[in-house]
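Following: one structure in structure tokens, then a few remarks.
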Amino acid sequence: MADILGDTIHALQLILSGDPAVFEIVSRSLFFSGTAIILAILWGTPLAMLIAMKEFRGKTVIKTFFNTLIGLPTVVLGLILFLSFSRGGPLGFLGLLYTPGGIIIGQAVLVTPILVSIGVSAIESVDPEIMSLAQTLGASESQAQIAVLKEAINGIILSDLASFNRAIGELGVVLMVGGNIEGGGNQTSVMTTSIARDVQINEFGLAIALGILLVIVLFTINMIVVILKRANYLVELAKGPYAKLKRSREAKR
Amino acid sequence: MTVTAELKDVTKAYDSKIVLDTVNLQIHKGEILALLGPNGSGKSTMLKILAFIENPAEGEVTFQGEKVNFKNTEKVRLESTLVFQKTTVFGTSVYNNIAYGLKLRKVPKEIRDMEVKKSLELVKLAGFEKRNARKLSGGEQQRVAIARALVLKTKLLLLDEPTANLDPKNVGILEEVIETVNRENKTTIVMATHNMFQARKLPHRIALMDEGKITEVGAPAEVFGKLSKNLARFAAVDNTFTGTAKVIASGTSKVDVGNGVQIEVTAQKQGATAVFINPRDIILSKVPVESSARNTFKGKIIQISDLDSLVKLKVDVGKPFTVQVTKQSFNDLGLCLNAEVFITFKASSVQVF
């Protein structure tokens with residue numbers, strides 16, 4: 001039976017002493033989930049733009065498909081990815097099973113429905129006249145699409161944040177595809193899988209420490225996004241990676 | 001006369017409903033052309049085709065002598081811009097809104113800043129650069145939309161009901177801007193309107209539109225002078241009525257517009273006549289007003305719509321009259337739907353066609 005008070009004190013000691021093993025797991029989690037989100041944004045945002053801005057047959061079916069995938073149990077997705085990545089599977093030749101790459105791809109696939117579904121509704125909620133407006137002011141079709149995307153930027157940021165939260169707190173897919181390997185060159189244990197393992201082996205102190213840190217990480221990242229959004233920094237940043245740089249150059253001139 | 005743009009046998013349909021039917025029209029360089037017609041007559045569609053954001057289903061469009069097709073659409077779009085009827089602004093600052101088209105044209109920042117400043121001065125919004133465009137009043141947003149189009153100095157400026165739903169102050173500013181830009185920059189302007197008063201005052205030529213067709217084109221005096229059957233169809237437009245005029249003993253005339261409503265006008269007219277009363281010239285009261293005004297009618301409020309600082313009311317006196325009052329007066333009079341009111345206007349305020 002766990003000694004809750006004793007284990008909590010032990011957890012706080014681990015955090016406050018800056019235990020290297022604990023913080024290595026935390027930084028690995030951040031790296032895996034951060035990379036997964038960037039990857040998912042790269043394919044999820046254009047996909048959301050395509051679904052929201054183009055009229056085609058079967059559009060409603062595709063939107064419903066992505067909405068349904070949000071609710072897909074992660075162990076089912078984990079199983080599909082496990083079978084795909086296993087040696088005899090269709091993607092077995094990539095050698096991704098039980099590797100960091102496998103976890104990153106797995107998390108990216110997991111959050112894609114969230115990115116696409118929220119992204120599509122954010123883009124669709126933009127005034128339909130914005131596209132025509134941009135065009136009457138001289139924009140080409142792709143420039144007009146970017147104008148629409150800028151209008152939807154708050155919803156897009158929300159979908160990125162929701163995806164990150166889901167990815168870093170994910171267990172099923174990570175466990176099945178990553179395998180929770182500790183030590184060696186291919187370490188795949190992250191905060192959630194470590195918590196699950198520590199509970200099984202009665203290492204409650206470590207599990208509680210990782211649990212507290214997981215909540216702190218989520219809270220901090222969400223808070224940073226809120227503050228940056230309030231300062232309009234993210235909106236400006238999203239309008240062009242070089243926008244700020246360009247402005248400062250122009251100011252100097 | 002140099003032709004800026006021309007529509008040749010242009011037809012356009014949405015879901016098998018024909019909205020433009022074999023339209024032929026030349027737009028002359030430097031003119032203000034008004035497209036006058038009731039809602040659904042195809043004015044907005046024609047403007048979208050002239051802005052090159054819609055393609056005709058049949059027929060062709062030429063711009064400065066060049067036939068417009070999918071290859072040169074993006075190029076000609078840089079020379080024609082449209083201000084929508086429904087004011088649309090980007091959810092960013094006024095500066096970014098107005099500078100958008102200039103950035104697309106890669107205009108350097110120093111010139112951009114100067115042009116934005118000048119166009120804001122023109123629409124009487126100097127110093128508004130940093131304000132959030134979506135937080136401005138409806139009239140101010142429409143002025144931003146006009147400034148955003150003007151700053152581009154395109155060869156063709158298209159305005160879709162630019163003053164619809166604006167209070168008189170903003171209408172005045174915009175009408176002045178339209179005239180100034182046409183006079184000083186020689187910008188060719190095509191504006192859609194169903195405001196007869198505006199159509200008579202601003203443009204050099206009027207094209208009457210009805211059910212997707214152009215039924216008449218000519219100078220305002222010519223078109224209004226004829227009082228054609230097409231023009232009579234505009235009876236559905238705010239405060240425009242058709243009826244039979246008869247000269248009365250006092251030397252003025254009375255126009256019987258039906259349902260027992262007889263409007264006294266200063267002109268001596270006999271026979272078929274159309275009249276227009278500017279909503280601004282009508283006094284609204286809860287009791288009859290003793291005054292020199294020759295027209296007083298009792299009716300009830302059948303519609304209330306909120307404009308910026310004004311309230312637009314529809315009063316049924318046998319015929320529906322549109323009346324504008326300030327929000328303050330609206331509240332002070334304690335007006336509501338179905339309230340009994342009186343409308344009063346002078347015989348000299350009635351425009352007779």
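The values are calculated or read from the model by the stated rules, or taken from the named source; none is laboratory data. Bear in mind the structure is a predicted one, so any value in this text is a computation, not a measurement. So basically every Cβ, Gly included, is an ideal-geometry build from the backbone, and we count neighbours across all protein chains shown. With ligands, DNA and RNA removed, areas are computed over all heavy atoms of the protein, side chains included. Shrake-Rupley method; radii C 1.70, N 1.55, O 1.52, S 1.80 Å.
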Checklist line | Förster-model FRET efficiency, 35 Å R0, A:Trp43 and A:Val215, C-beta, rounded to 0.05 | finding: 0.75
Check: Do any trypsin sites (Lys or Arg not before Pro) in the stretch B:50-96 lie in a DSSP loop with no more than 14 other beta carbon atoms within 10 Å, and if so, which?
Finding: B:Lys71, B:Lys86
Note to self: Could you work out what % of the accessible surface of chain B is carbon and sulfur, using a 1.4 angstrom probe and leaving DNA, RNA and ligands out of the count?
What the structure shows: 49
Margin query: What does DSSP give for the protein assembly as shown in terms of the percent of beta bridges that are antiparallel, rounded to the nearest 5?
Written below: 75
Item checked: Degrees, to the nearest 10: A:243-252 long Cα axis against longest axis of chain A -> 70
Note to self: Per residue, how large is the accessible surface of chain A? Use a 1.4 angstrom probe and give square angstrom.
What the structure shows: 52
Item checked: Listed residues A:Val226, A:Gly71, A:Ile123: farthest to the positive end of the dipole of the stretch A:4-252 (Cβ charges) -> A:Ile123
Check: Under 5 Å between amide H atoms, partner at least 5 residues away or on a different chain: which partners does B:Glu216 have, H built in plane at 1.01 Å?
Finding: B:Leu208
Margin query: Using a Debye calculation, one point per C-alpha and no hydration shell, please list log10 I(q)/I(0) for the protein assembly as shown at q = 0.05, 0.09, 0.11 Å⁻¹ in order.
Written below: -0.36, -0.86, -1.08
Notebook entry, point to check: Quick one: Karplus J couplings for the stretch B:95-104, per residue in order, coefficients 6.51, -1.76, 1.60, θ = phi - 60°, nearest Hz, x for Gly and Pro?
Noted result: 4, 4, 4, 6, 7, 3, x, 5, 5, 4
Check: Residue-wise, which Karplus ³J(HN,Hα) couplings in Hz belong to the stretch B:74-88, taking 6.51 cos²θ - 1.76 cosθ + 1.60, θ = phi - 60°, and x for glycine or proline?
Finding: 5, 6, 6, 4, 6, 9, 9, 9, 10, 9, 6, 5, 7, 4, 10
Checklist line | Relative counts (whole %) of C-alpha pair distances in the stretch B:49-141, using bins that are 10 Å wide | finding: 14, 37, 29, 17, 2
Notebook entry, point to check: What is the antiparallel percent of DSSP beta bridges lying wholly in chain B, to the nearest 5?
Noted result: 75
Next item on the list: Apply the Debye scattering formula to chain B, with a single equal point scatterer on each alpha-carbon and no solvent, then give log10 I(q)/I(0) at q = 0.06, 0.09, 0.12 Å⁻¹.
Entry: -0.25, -0.56, -0.95
Checklist line | Complex-versus-alone comparison for the stretch B:53-81, residues with a loss of 30 Å² or more in accessible area, probe 1.4 Å | finding: B:Ile53, B:Glu74, B:Arg77
Next item on the list: Please report, to two decimal places, log10 I(q)/I(0) for the stretch A:4-252 at q = 0.08 Å⁻¹ as given by the Debye formula with identical point scatterers on the Cα atoms and no solvent.
Entry: -0.39
Checklist line | Listed residues B:Thr244, A:Val173, B:Ser119: farthest to the positive end of the dipole of the protein assembly as shown (Cβ charges) | finding: B:Thr244
Item checked: Surrounding net charge for A:Ile130, when Lys and Arg each add one and Asp and Glu each subtract one, Cβ distance under 10 Å -> -2
Check: Gaussian network model of chain B, Cα springs within a sub-10 Å range: biggest mean-square fluctuation belongs to which of B:Met46, B:Met114, B:Met191?
Finding: B:Met114
Next item on the list: Compute for chains A and B the buried accessible surface, both sides summed, probe 1.4 Å, and express it in Å² to the nearest 100.
Entry: 1900
Note to self: Checking the table A:Lys63/A:Lys229; B:Lys254/B:Lys286; A:Lys150/B:Lys117; B:Lys29/B:Lys155; B:Lys254/B:Lys319 against a 20 Å threshold on Cα-Cα, which pairs fail?
What the structure shows: A:Lys63/A:Lys229; B:Lys254/B:Lys286; A:Lys150/B:Lys117
Checklist line | Set of the stretch B:328-353 residues, backbone N closer than 20 Å to the point 7 Å along the Cα-Cβ line of B:Glu222 | finding: B:353
Check: Using a 1.4 Å probe on the protein chains only, how many percent of the accessible area of the stretch A:4-252 belongs to carbon and sulfur?
Finding: 69
Notebook entry, point to check: Can you give the Rg to Rh ratio for the stretch B:1-158, taking only C-alpha atoms and Rh from Kirkwood?
Noted result: 1.00
Item checked: Accessible surface, per residue, of chain B when the full set of protein chains is kept, probe 1.4 Å, Å² -> 45
Next item on the list: Percent of Cα-Cα pairs per 10 Å bin, from 0 to the last occupied bin, for the stretch A:107-200, please list those.
Entry: 16, 30, 21, 16, 12, 5, 0
Next item on the list: Step through the residues of the stretch A:94-108 one at a time and calculate ³J(HN,Hα) from phi using the Karplus curve (6.51 cos²θ - 1.76 cosθ + 1.60, θ = phi - 60°), rounding each to whole Hz and writing x for Gly and Pro.
Entry: 6, x, 8, 5, 6, 10, x, x, x, 5, 4, 4, x, 5, 4
Note to self: I'd like the accessible area for B:Glu6: 1.4 Å probe, protein heavy atoms, all chains in place, Å² to the nearest 10.
What the structure shows: 40
Margin query: Taking the 0 to 90 degree range and rounding to the nearest ten, how far is the long axis of helix A:4-16 tilted relative to the main principal axis of chain A, both from C-alpha atoms?
Written below: 60
Next item on the list: Select from the stretch B:102-121 all residues whose loss of accessible area on going from the chain by itself to the full protein assembly reaches 50 Å² or more (probe 1.4 Å).
Entry: B:Leu104
Check: From the cross-link list B:Lys48/B:Lys312; A:Lys54/B:Lys135; B:Lys8/B:Lys201; B:Lys86/B:Lys124; B:Lys71/B:Lys106; B:Lys8/B:Lys48, which pairs have alpha carbons spaced over 24 Å apart?
Finding: B:Lys48/B:Lys312; A:Lys54/B:Lys135; B:Lys8/B:Lys201
